[in-house]
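Q: Starting off with a structure, shown below.
The values are calculated or read from the model by the stated rules, or taken from the named source; none is laboratory data. Remember, it's a predicted structure, so these values are computed and weren't measured experimentally. Cβ placement follows ideal geometry from the backbone for every residue including glycine, while neighbour counts extend to all protein chains displayed.
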């Protein structure tokens, strides 16, 4: 990634989904490390440095890309703010 490049837009380059790799789960390109594993580790309080120690094929940019991917996925699942919900 070039200096100043946005990791959020870069996540599409770093994360792939292929049925032949871990059953189609989102993984970091060139690895079998799933985005789910990275996000779960972060949610449990693991520091990025710890994740990188546990998965030496990853970079800090890969972890940031996983976060961006998770954020983008969550935004797709939420209704837009303009959507009116009847109660």
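Q: Restricting attention to segment 52-68, does a residue exist that is farther than 21 Å from residue 12 by Cα and assigned to a helix (DSSP H, G or I)?
A: yes
Q: Let me ask another. Go through segment 16-46 and give me each residue that's under 16 Å from residue 71 (Cα atoms) and assigned to a helix (DSSP H, G or I).
A: If the condition is that a residue be under 16 Å from residue 71 (Cα atoms) and assigned to a helix (DSSP H, G or I), then 35, 36, 37, 38, 39, 40, 41, 42, 43 are the ones that fit.
Q: All but one of (1) at pLDDT 95 or above; (2) not in a loop (DSSP other than H, G, I, E, B) hold for residue 73, so report the exception by its number.
A: With (1) at pLDDT 95 or above; (2) not in a loop (DSSP other than H, G, I, E, B) applied to residue 73, the lone miss is (1).
Q: Moving to a separate point now. Kindly provide the set of residues from segment 1-15 that are at pLDDT 90 or above and either part of a helix (DSSP H, G or I) or touching a strand residue (DSSP E or B) at 6+ places or on another chain (Cβ under 6 Å) (or both), ordered by number.
A: Hit for segment 1-15 is 14, nothing else.
Q: Give me the pairs: first residue in segment 10-22 and more than 12 Å from residue 33 (Cα to Cα), second residue part of a loop (DSSP other than H, G, I, E, B) and modelled with pLDDT of 95 or more, beta-carbon distance under 8 Å, and six or more apart or on different chains, which are they?
A: 13/29
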